[in-house]
Amino acid sequence: MLFPDYRPRRMRRNETIRRMVRETRLHVDDLILPLFAIDGKDVKNPIPSMPGHSQLSIDHIVKTAEEARKLGIPAVILFGIPKRKDALGTQAYAKDGIVQRAVKAIKDKVPDLMVITDVCLCEYTDHGHCGMIAGDTVDNDASLDLLARVAVSHAKAGADMVAPSDMMDGRVTEIRNALDEADLSDTPIMSYAAKYCSAYYGPFREAADSAPKFGDRRSYQMDPANVREALREVSMDVEEGADIVMVKPALAYLDIICRIKDEFDLPVAAYNVSGEYAMIKAAAEKGWIDGKAVMLETLTAIKRAGADMILTYFAIEAAQALNDR
Ligand code: PBG
Ligand code: ZN
C-alpha cells in the first residue's frame, strides 16, 4: 500500500496510539544489576569511570540489594575484589572468599532476590588472566578444574545461578558436571558464550582491578570482527549444558544478539558493559546528550535486538525511570 492510502504517521499521532503499537517494551524484569564486593565495613570506594557505582563492603552490598529488590529488579550479579591475589586465584574458591560471604549476606536479608555470581579468575590472579598461566600462555585445560571449583563454592554459599566469563573451551561441561556431582543440579549456568575481546571493558578492569599484567585476552576472548564464530561458541555452550547464553558487549554487537536469538531457543542475555555505561555518563555530564533518554533508548535497542535480559549498570536508574512512567 502506498501513499496516500497508507500514512505511517497515523500510528504515531499521540502517546496512546504509540503505546498500542509499540513492539518492544523494556521492563524492570529485564534488568540485572552488577555489584562489586570488597572487604571491610562501611567501605564505599567510588569508581571514577562509572559514576554512581562503587566497590562496596558487604553491609553496603546488602543495602543496595534491598534497594534493587524494592524497585522490582529480579537479580544482581556479583564480582569480588579479594584481599590477596596469587597465581592460581585461590581466593576465588575460598570458602570465606569475598563473593561467598556477600552471597550469604544477601540471601540472608533478601532471599527472593536472585543472586548470580561471575565465575572467573582474573580478579583473583596476580597476573590478571582469566585462567592459569603456563609459560606465557593461558593453559585452557588446567584452568577448567579451578573454574569448576569457583562455581561450586559460589553455589554452596547460596548463589542461585553461576555465570562463567572466562571463555576457556569446555568450561560449561566441567562446571555442569561439578555442580551435579555436588548435588547442585538445580543451579543454572548463564554462560558468557559470545564474549568479545573488547576495549569497552576498560572501566570494569579499573573497578575490579582485573587488567592483565602482561599480554591481553585475545587468545581466549573473541575477535570483534567475527559473527559465525559467535554462533559456534554459543552452540558449544548450549550442547555443554548452558541454561542462558550471553552476548557481551551489547551495543556494538546488536547484530550478534539478533542472530543468536534467531538461531537458538535458549534465553539470551546481553551485557551492557562498563564502557558503554561510561560513555553515556560522560556525555550526559558534559550536557551533550540527555542521559536518561539515551539510557532508555539504548536498553530498549538491546531488547529489540533480541535480549531477554540485560546486565546493566543502569539497572537502578532504569528501574526508577520505568516505575515513574
Ligand atoms: C571477567 C569479566 C570482565 C567483565 C565481566 N567479567 C572483564 C574482562 O573480561 O576483562 C566486563 C564487564 C564490563 O566491562 O562491564 N572475566
Ligand atoms: Zn576473567
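The values are calculated or read from the model by the stated rules, or taken from the named source; none is laboratory data. A quick note: this is a predicted structure, and the numbers were derived from the prediction, not measured. In this analysis, Cβ positions are derived from the backbone assuming ideal geometry, glycine residues included, and neighbour counts consider all displayed protein chains. Quick note on the areas: whole protein, heavy atoms, side chains included, nothing else; ligands and nucleic acids left out. Shrake-Rupley method; radii C 1.70, N 1.55, O 1.52, S 1.80 Å.
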(request) State, to one decimal in nm, how far the label point of residue 293 lies from the label point of residue 12, with both points 7 Å from Cα in the Cβ direction. (result) 1.4
(message) Need one number: nm distance between label points at residue 66 and residue 182, each 7 Å from Cα along Cα→Cβ, rounded to one decimal.
(response) 2.9
(message) Tell me the per residue accessible area of the chain using a 1.4 Å probe; a whole number in Å² is fine.
(response) 46
(request) Can you send over the carbon and sulfur percentage of the accessible area for the chain, probe radius 1.4 Å, protein chains only? (result) 50
(message) Please list, by residue number, every one of the trypsin sites (Lys or Arg not before Pro) in the range 1-86 that is coil in DSSP and has at most 15 other beta-carbon atoms within 10 Å.
(response) 13, 22, 25, 41, 83, 84
(request) Kindly identify the range 25-324 as rounded, prolate or oblate by the Cα gyration tensor criterion: order the square roots of the eigenvalues as a ≥ b ≥ c, call it rounded if a/c is under 1.5, otherwise compare a/b with b/c, prolate if a/b is larger, else oblate. (result) rounded
(message) As an exercise, use a Förster radius of 45 Å and the Cβ-Cβ distance of residue 1 and residue 308 to find the FRET efficiency, rounded to the nearest 0.05.
(response) 0.85
(request) Give, as ranges by residue number, the residues of the range 60-101 whose backbone N falls under 17 Å from the point 7 Å along Cα→Cβ of residue 108. (result) 60-67, 95-101
(message) Of all beta bridges DSSP finds with both residues in the chain, what is the antiparallel percent, to the nearest 5?
(response) 15
(request) In debye, nearest 20, what is the charge dipole magnitude of the chain about its Cα centre with +1 on Lys and Arg Cβ and -1 on Asp and Glu Cβ, if you could check? (result) 1580
(request) Compute the label zone of residue 252 within the range 191-205: residues whose backbone N is under 15 Å from the point 7 Å along Cα-to-Cβ. (result) 195-205
(message) I'd like the orientation of helix 98-109 relative to the chain: the angle between its Cα long axis and the longest Cα principal axis, in ° from 0 to 90, rounded to 10.
(response) 60
(request) Find the relative contact order for the range 25-324 and round it to a whole percent, using C-alpha pairs within less than 8 Å whose residues are 6+ positions apart. (result) 19
(request) First measure r as the distance between the Cβ atoms of residue 286 and residue 44, then evaluate 1/(1 + (r/R0)^6) with R0 = 25 Å and state the FRET efficiency to the nearest 0.05. (result) 0.50
(message) For the chain, take the longest principal axis of its alpha carbons; what is the angle in degrees between that and the long axis of helix 140-157, to the nearest 10 within 0 to 90?
(response) 80
(message) Cut-off under 15 Å on the C-alpha distance; same-chain residues fewer than 8 positions from residue 303 excluded. Which aspartates and glutamates are left, in chain and number order?
(response) 23, 29, 30, 255, 262
(message) At q = 0.23 Å⁻¹, what log₁₀ I(q)/I(0) does the range 109-176 have when each alpha carbon counts as one equal point scatterer in the Debye sum?
(response) -0.94
(request) Filter the GluC sites (Glu not before Pro) in the range 4-82 down to the DSSP loop ones having no more than 15 other Cβ atoms within 10 Å, then list what survives. (result) 23
(message) Can you classify the range 56-162 as rounded, prolate or oblate using the Cα gyration tensor, where a ≥ b ≥ c are the square roots of its eigenvalues, rounded means a/c under 1.5, and otherwise it's prolate if a/b beats b/c and oblate if not?
(response) prolate
(message) Could you work out how much longer the chain between residue 213 and residue 126 gets when fully extended? Use 0.36 nm per residue separation minus the Cα distance between them, nm to one decimal.
(response) 30.5 nm
(request) Mind telling me which of 250, 163, 225 comes out most flexible in a GNM of the chain, alpha-carbon contacts under 10 Å? (result) 225
(message) Tell me the angle of helix 291-305 to the major Cα principal axis of the chain, expressed in degrees between 0 and 90 and rounded to the nearest ten.
(response) 80
(request) Distance between Cα centroids, the range 246-325 to the range 167-192: provide it in whole Å. (result) 27
(request) From the P(r) of the range 118-230, can you give the percent of Cα pairs sitting at distances over 18 Å? (result) 50
(request) Quickly estimate the mean residue ellipticity at 222 nm for the chain, helices only: each DSSP H run with n ≥ 4 gives -39500 (n - 2.57), and the total goes over all residues, rounded to 500. (result) -12000 deg cm²/dmol
